[in-house]
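Encoded as structure tokens, the structure appears first; notes follow it.
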Amino acid sequence: HPQLLISAFNDCFKMVLRYVVGLLALSSVDAVRPGRDTNLITIVEPHAVVEPLYPVLSPEDAKKYPKLHKVLEMANKEPAKLAKDLHSLFHDKTVFQGWPGSDGWGAEPEMFEGGDGTPIVVAHGMGDSCFNPGMKQITSLAGQHLNVSATCIPTGDSQITDTIDGFLKNMDKSVDYFAAKVKADPKLANGFNAFGLSQGNNVIRGYITRYNDPPVKTFMSICGVNAGENSITGMCPPGGIPIVSPICDLVDDVLGDLAFTKIVQDILFQANFWRNPEEKKLNSTSFKANSQLAQWNGEGNTDMTQFKANWAKTDGFVWVKGTLDTVVWPKEGEWWGAPDPSDPYKKVLDMKDTRWYKEDLFGLKTADDAGKNHFESFVGEHIRFTTKELYAWLDKYFK
């Protein structure tokens, strides 16, 4: 019937039109928001307005911080591409590759359902994600080994944002997100054990410092940058990858005089744990006022009363150092050592000789006096330990 044919044609035409609109919209940030399946075509209504995922600098700040502006634009316009490129760039140094090693994009973070023992929470490092195979594997293996529930808590709601947020969501905001996830999980209500890899330890350590409710019972920091990073040579491989060289350009650009400006501290995770070891920098007004690490470590202007009380709620701390680590400098920082401010590039202080220990700035000495600090090491590069070593640490400290 002609009328039916015309009606069918109109319906078909509308479907095709909506499909084409969706394809065209994929080129803009309005079409796909991380947190949804980006393999599917997301149809959006014409003129739909979606808030940017990451900060947008004012014209004035964009001129002042051109490299930061460039990276933020990449994150807002091509988040999926940026996330994959970040993962690729940092894969060899800071991404956990699993045993014997695996790579790729996953679907959901690992949540292993085990027995009734104290559950385990895991936090990933820079360029990695709880959605990746390596992190899924280590989370599952830890839970299986002790027969307890284990979960990897991300700092973003998708593989894309979890990866990018390791750079463009600052430490305090990452800790807030982590804390909300902990609070929402009934299995963690009575406390949990936790271990992190690389900068993932900053998230757990920040949770202990600022929240610790429910408490972390035992915290194991594997190659952590809790004491700060004093060099970027290990963070950004020489040459890098052209498509994401702006990330390393950005890190290199801001980890200087710009590092402790409020705008950089409000955005860049790596700037938050950057700690210029020179005495005049440690005593600078901007470091004391703006550095997030300084506030946590008692080197800033923050009243430490509550932070020290929160630190005391944790029963044990395990500090694991990679003896061949070239990513964290100095590697002694993984055991709470630090460059000597009077001669920072030639002399490294042991934990007990640092100001934060001797003056007990955040509770490290109090924990040590109570026998809570434990020190382990493995012969290898940054987070390149073995299953045998991991299982030994879990058996020793998490049971």
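The values are calculated or read from the model by the stated rules, or taken from the named source; none is laboratory data. All values reported here derive from a predicted model rather than from experimental measurement. Cβ coordinates were reconstructed from backbone atoms using ideal geometry, including for glycine residues, and neighbour counts include every protein chain displayed. Calculation scope for accessible area: heavy atoms of the full protein, side chains included, ligands and nucleic acids excluded. Shrake-Rupley method; radii C 1.70, N 1.55, O 1.52, S 1.80 Å.
Tabulated results
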read-out	value
Residue satisfying all of: in the stretch 176-188; open to solvent by 10 Å² or more (accessible area, probe 1.4 Å) and closer than 22 Å to GLN137 by Cβ; nearest to the chain's Cα centre (by Cα) among these	LYS181
Set ASP213, ASP253, ASP257: member being acidic (Asp, Glu) and at pLDDT 95 or above	ASP213
Number of the exception - ALA367 against (1) buried (at least 19 other Cβ atoms within 10 Å of the Cβ); (2) within 23 Å of the chain's Cα centre (by Cα)	(2)
Selection count where residues are open to solvent by 10 Å² or more (accessible area, probe 1.4 Å) and free of Cβ contacts under 8 Å to residues at least 40 places away in the same chain, scope the stretch 132-147	6
Verdict on GLY115 being in a loop (DSSP other than H, G, I, E, B) and at pLDDT below 90	no
Lone unmet requirement of (1) under 15 Å from LEU168 (Cα atoms); (2) at pLDDT below 90 for GLN97	(1)
Odd one out for MET111, checked against (1) open to solvent by less than 10 Å² (accessible area, probe 1.4 Å); (2) in contact with a Ser or Thr (Cβ under 7 Å, 6 or more places away or on another chain)	(1)
All positions within the stretch 276-293 that are surrounded by 23 or more Cβ atoms within 10 Å (Cβ to Cβ) and either over 14 Å from ARG205 (Cβ atoms) or free of Cβ contacts under 8 Å to residues at least 40 places away in the same chain (or both)	SER291
Count - residues of the stretch 325-346 that are hydrophobic (A, V, I, L, M, F, W, C) and part of a helix (DSSP H, G or I)	1
Residues that are part of a loop (DSSP other than H, G, I, E, B) and open to solvent by less than 20 Å² (accessible area, probe 1.4 Å), drawn from the stretch 263-275	ILE267, LEU268, PHE273, ARG275
All positions within the stretch 189-215 that are within 18 Å of LEU390 (Cβ to Cβ) and either open to solvent by 10 Å² or more (accessible area, probe 1.4 Å) or not in a helix (DSSP H, G or I) (or both)	PHE192, ASN193, ALA194, PHE195, GLY196, LEU197, SER198
Count - residues of the stretch 293-337 that are over 19 Å from the mean Cα position of the chain (by Cα) and either under 18 Å from VAL175 (Cα atoms) or of a type in the set (Ser, Thr, Tyr) (or both)	13
Conditions (1) open to solvent by less than 30 Å² (accessible area, probe 1.4 Å); (2) in contact with a His (Cβ under 8 Å, 6 or more places away or on another chain); number of the one not met by TYR397	(1)
Residue in the stretch 300-320 that is open to solvent by less than 50 Å² (accessible area, probe 1.4 Å), in contact (Cβ under 8 Å) with a residue 24 or more places away in the chain, of a type in the set (Ser, Thr, Tyr) and in a loop (DSSP other than H, G, I, E, B) present	yes
Every residue from the stretch 361-395 that is under 28 Å from PHE307 (Cβ atoms) and without any contact (Cβ under 8 Å) to a residue 24 or more places away in the chain	LYS365, ASP368, ASP369, ALA370, GLY371
Cβ-Cβ under 6 Å pairs, at least 6 apart or on other chains, the stretch 175-192 side over 13 Å from PRO215 (Cα atoms), far side surrounded by fewer than 20 Cβ atoms within 10 Å (Cβ to Cβ) and at pLDDT below 95	none
THR326, sole failed condition from (1) under 24 Å from PHE96 (Cβ atoms); (2) open to solvent by less than 60 Å² (accessible area, probe 1.4 Å); (3) of a type in the set (Ser, Thr, Tyr)	(2)
